[in-house]
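First up is the structure itself, then whatever we jot down about it.
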Amino acid sequence: MFIGIGSQNRTKVAACRLAFQQLQQKFPQAFDEDPIFSTFSTNTTVPDMPLTLAEIQQGALERALFVFNQQSKRGIALGMEGGVFRLDRGQQSLLQNWVYAYDGQKGFYGCSAAIPLPVTIEKALYDQNRELAEVIDELSGLSDVRSNDGAFGILTRNLISRTAAFEMAVISAMTPFLNFEYYMH
């Protein structure tokens, strides 16, 4: 099974590999061979810092479609996007990761848990048009947080790392492809 990953970020790639290890254990009937992973650098039409749920989902979709075409339209393509969105009443902003899994005929979204953002981060993103990676680096005193534990890791003190959040999203998006008992009727 060919698995194209719409990112070359090491935490996202690690999340995919970890997710597929678990998926193979739980759904062995769906795997006639071990996954073969390929990574792709992708671009989208959404902003670098998605600030709506629609932008996050659109970014994941565009990345998956790009990857599917790059891997000769075979296997499953995973588009991965993280971002922030405000709840309908604007009282709170949440950080969440999304994955779109696409096989050329069907596609499914999956997402991570969502974590509320501190007001200082929310204001920096929405009022000052800054990116989360820059803001979390500044607040944490670390550099390149996005390539390591991410904002999830910093805010939860690594109870949920960026890798774990994307791992959850990959598992969620892939489940309909693998759990034939419930999804293939």
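Read the figures in this text as sums done on the coordinates, not as results from a lab. Please read these numbers as outputs of a predicted model, since none were measured by experiment. Here the Cβ positions follow ideal geometry from the backbone for every residue, glycine too, while neighbour counts run over all protein chains shown.
Key figures
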{"item": "The chain - mean residue ellipticity at 222 nm from DSSP helices (-39,500 (n - 2.57) per run, n ≥ 4, rounded to 500)", "result": "-13000 deg cm²/dmol"}
{"item": "Ranked list, fewest to most other Cβ atoms within 10 Å of each Cβ, for Leu87, Leu139", "result": "Leu87, Leu139"}
{"item": "Percent RCO, i.e. relative contact order, over segment 46-185, from Cα pairs under 8 Å lying at least 6 residues apart", "result": "20"}
{"item": "Size of charge dipole - the chain - debye, nearest 20, with Cβ of Lys, Arg +1 and Asp, Glu -1, no other charges", "result": "180"}
{"item": "Fluctuation leader among Phe20, Phe152, Phe31 - the chain, Gaussian network, Cα springs under 10 angstrom", "result": "Phe31"}
{"item": "Cβ-defined net charge surrounding Met168, 13 Å radius [Lys, Arg +1; Asp, Glu -1]", "result": "+1"}
{"item": "Using distinct alpha-carbon pairs, which all enter the 1/r mean, Kirkwood radius of segment 2-179 in Å", "result": "16.3"}
{"item": "Paired Rg and Dmax values of segment 72-151, which use every Cα atom, in angstrom", "result": "15.4, 45"}
